[in-house]
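S.K.: First the structure, which I've put down as structure tokens, then a few questions once you've had a look.
The values are calculated or read from the model by the stated rules, or taken from the named source; none is laboratory data. Remember, predicted model here, so these are calculated numbers, not experimental data. When we count neighbours, we look across all protein chains shown, and the Cβ atoms used for this are built from the backbone with ideal geometry, even at glycine.
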Amino acid sequence: MEKKINKNLLFELLAIVLIALFCISLTPKTLQNDTYYTIKIGEHIIQNGEIDMMDPFSWHENLEYTYPHWLYDVMIYFIYHLGGMFGIYLSTCLFAIILGITIYKVNSKLSKNKVISFFITIGVMYLLRDYITARAQLVTFILFIVEIFCIEKLIETNKKSYGLALIIISILIANLHVAVWPFMFVLYFPYIVEYIMAIFEEHIAKKYGREVKQGEKVLITKQKGVKTLIIVLIISLLAGFLTPLGTTPYTYLLKTMAGNTTENINEHQPLVLINNTDLICTIIIILGLLIFTNAKMGLSDLLMLCGLTFLMFYSKRQSTMWVIMGSVIVNRLIFNWITQYSKDFDKELIKKLMSKFGIFMITASMLILSLYFIKPKINAEYVDSSTYPVEMSEFIINYFKEQNIDLSEVRLYNEYNYGSYLLFKGIPVFIDSRADLYSPEFNEGVDVFTDFIESSNLNVYFEDIFEKYDITHVILYRNSKMNMIIENANLDNYKLLKKDKYFVFYEIEK
């Protein structure tokens with residue numbers, strides 16, 4: 001018996017170490033645009049001592065800002081203040097590791113196996129690789145998988161501690177990433193619906209004097225803790241007021257969906273399955289298990305999978321939730337199928353994997369896989385100078401300093417993708433990746449986002465937009481459509497102040 005316990009423990013330790021290494025290999029060293037404004041917002045909150053609900057970084061006047069992930073912004077600022085860009089990278093690695101290990105532990109606890117949980121975790125982290133960045137979503141991924149664990153343990157055991165944990169998660173998400181706060185309540189409904197269906201079946205069976213029978217594929221279970229879950233749901237909804245943002249948790253998502261910003265941001269676009277081979281393979285595996293095996297699944301799992309699939313096709317960003325939450329469902333499905341033929345499958349496989357040869361093979365395989373993913377990142381820079389105006393921003397700051405011109409008086413036109421880096425360097429911007437800030441849903445009468453999209457795509461003549469906003473200076477990618485016109489049309493009123501490998505900077509002469 002002692003030997004078996006040691007092998008289980010050894011596999012657990014090895015799995016955690018290998019998951020951690022794999023998560024590090026997937027973590028990008030180069031920062032992306034949202035991280036830059038996150039640092040500056042955190043700094044602004046600390047220096048200001050309050051959340052003033054106003055934007056301090058755009059040169060547009062009196063823009064109201066909702067600070068949708070203020071707590072994460074403050075946390076990232078402190079990390080940057082203490083460790084710089086390396087600190088940001090290190091913290092992203094740490095959050096990725098925590099996410100990977102949490103997915104593994106939740107899967108192994110809920111599905112009662114270790115080996116399948118390990119391989120599913122590796123698959124999940126691989127599918128999430130493009131979303132492992134220094135953004136608030138990385139922290140909320142962790143909270144969402146913990147939420148699933150707490151919901152399932154609450155309805156199974158009816159222990160109030162799990163309900164308390166769910167309320168705390170609600171408060172944390174409302175302050176860490178308010179845009180996804182409503183989503184946490186979507187995860188409650190499959191369990192509540194299954195409970196209602198179980199009661200309905202009992203009523204029908206009692207009325208007609210027959211026994212309740214389970215389906216061949218889908219099981220409907222009446223869990224004792226669902227009543228408590230409903231109470232927790234109500235309390236968690238009210239917990240949205242426990243933020244310094246007022247009613248923002250209740251209005252932010254509705255306002256965002258009412259606008260056109262999501263139509264023009266890639267991650268909010270509907271999922272095109274043909275462009276996502278990884279997801280196609282995953283869906284085929286799930287359908288294969290459901291159709292060609294005698295594996296059974298709970299109604300709540302089926303509803304969860306269907307609901308998440310709908311959300312994923314509606315917005316490709318929700319594929320992250322589909323992958324994370326779906327990992328538990330797929331794990332249960334696979335384990336349920338396999339244990340019909342071998343009840344000790346997990347123990348037997350651990351025994352084989354924990355032989356000297358097994359340890360060597362699994363360790364060597366994961367090291368090779370991790371090296372493959374980390375190799376392109378080794379020589380990467382924290383800031384990609386081809387994407388962000390590293391050299392140009394320094395020139396802009398020094399140029400206006402030499403000209404004795406206050407930067408706050410400059411009306412600079414810049415592009416969306418690098419606006420966050422400019423404000424990070426202290427340069428007031430026309431627009432940045434806080435898209436909602438520049439839409440009429442959040443600031444009545446303001447439609448900077450649409451004006452940028454229209455002018456950058458040349459759907460309207462850009463000089464009309466420049467005149468509308470009284471633009472004085474322009475920074476553009478050298479290969480942008482707008483710059484090609486400025487260069488080739490020989491527009492006399494554009495004075496070239498600086499040109500580097502990737503960017504150009506003009507002054508508009510009146």
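S.K.: If a residue must be more than 19 Å from residue 29 (Cα to Cα), surrounded by 11 or more Cβ atoms within 10 Å (Cβ to Cβ) and β-branched (Val, Ile, Thr), how many such residues does region 342-399 contain?
M.R.: 6
S.K.: Considering only region 462-504, state which residues are part of a strand (DSSP E or B) and either in contact with a helix residue (DSSP H, G or I) (Cβ under 6 Å, 6 or more places away or on another chain) or among the β-branched types (Val, Ile, Thr) (or both). Lay out the reasoning, then the answer.
M.R.: At the first step, the residues of region 462-504 found to be part of a strand (DSSP E or B) are 473-477, 494-499, 503-504.
Correct list: 474, 475, 476, 494, 498, 503, 504.
S.K.: Now for a different question. Any residue in region 354-371 that's touching a residue at least 12 places away in the same chain (Cβ under 8 Å): show its pairings with residues that are of a type in the set (D, E, K, R) at Cβ separation under 7 Å, as long as the two are six or more apart or on different chains.
M.R.: Listed by first residue and then by second, the contacts come to 354/7.
S.K.: Among the residues in region 410-423, are any among the β-branched types (Val, Ile, Thr), surrounded by 15 or more Cβ atoms within 10 Å (Cβ to Cβ) and either more than 25 Å from residue 36 (Cα to Cα) or touching a Leu at 6+ places or on another chain (Cβ under 7 Å) (or both)? It would help to see each step written out before you state the result.
M.R.: Within region 410-423, the first condition is being among the β-branched types (Val, Ile, Thr), and the residues that meet it are 410.
Filter again for surrounded by 15 or more Cβ atoms within 10 Å (Cβ to Cβ), leaving 410.
Applying the additional criterion that residues be either more than 25 Å from residue 36 (Cα to Cα) or touching a Leu at 6+ places or on another chain (Cβ under 7 Å) (or both) yields none.
No.
S.K.: Does residue 442 satisfy the condition of being touching a helix residue (DSSP H, G or I) at 6+ places or on another chain (Cβ under 8 Å), assigned to a loop (DSSP other than H, G, I, E, B) and not polar (S, T, N, Q)? Quick ask: steps written out before the conclusion?
M.R.: Details: touching a helix residue (DSSP H, G or I) at 6+ places or on another chain (Cβ under 8 Å): yes; assigned to a loop (DSSP other than H, G, I, E, B): yes; not polar (S, T, N, Q): yes.
So residue 442 passes the test.
S.K.: Kindly indicate the residue of region 434-475 that is small (Gly, Ala, Ser) and crowded, with 18+ Cβ neighbours inside 10 Å and also nearest to the chain's Cα centre (by Cα) among those meeting that condition. Quick ask: steps written out before the conclusion?
M.R.: Here is the first cut: in region 434-475, the residues small (Gly, Ala, Ser) are 435, 439, 445, 455-456.
If we keep only those that are crowded, with 18+ Cβ neighbours inside 10 Å as well, we get 435, 439, 455-456.
Details: 435: 16, 439: 22, 455: 29, 456: 27 Å.
Residue satisfying both the conditions and the ranking: 435.
S.K.: Does region 39-49 include one or more residues that are outside any helix (DSSP H, G or I) and outside the structural domain of residue 96 (by TED's automatic domain parsing)?
M.R.: Start the filter on region 39-49 by keeping residues that are outside any helix (DSSP H, G or I), which leaves 49.
Those still in the list that are outside the structural domain of residue 96 (by TED's automatic domain parsing) too: 49.
Checked region 39-49: at least one residue is outside any helix (DSSP H, G or I) and outside the structural domain of residue 96 (by TED's automatic domain parsing).
S.K.: Also, quick follow-up: Here are some conditions: (1) surrounded by 13 or more Cβ atoms within 10 Å (Cβ to Cβ); (2) modelled with pLDDT of 75 or more. Residue 205 meets all but one. Which one does it not meet?
M.R.: Unmet condition: (2).
S.K.: Conditions first: (1) of a type in the set (Val, Ile, Thr); (2) more than 15 Å from residue 321 (Cβ to Cβ); (3) in contact with a helix residue (DSSP H, G or I) (Cβ under 7 Å, 6 or more places away or on another chain). Residue 151 passes all but one, so which condition is the exception?
M.R.: (2)
S.K.: Against the condition touching a residue at least 24 places away in the same chain (Cβ under 8 Å), crowded, with 20+ Cβ neighbours inside 10 Å and over 30 Å from residue 344 (Cβ atoms), how does residue 69 come out, does it pass? Give the steps one after another, and end with the answer.
M.R.: Working: touching a residue at least 24 places away in the same chain (Cβ under 8 Å): yes; crowded, with 20+ Cβ neighbours inside 10 Å: yes; over 30 Å from residue 344 (Cβ atoms): yes.
Here the answer is yes, as residue 69 does meet what is asked.
S.K.: Looking only at region 135-174, which residues are crowded, with 20+ Cβ neighbours inside 10 Å and not in a helix (DSSP H, G or I)?
M.R.: 135
S.K.: For region 235-257: of the residues being surrounded by fewer than 13 Cβ atoms within 10 Å (Cβ to Cβ) and assigned to a helix (DSSP H, G or I), which is modelled with the lowest pLDDT?
M.R.: 257
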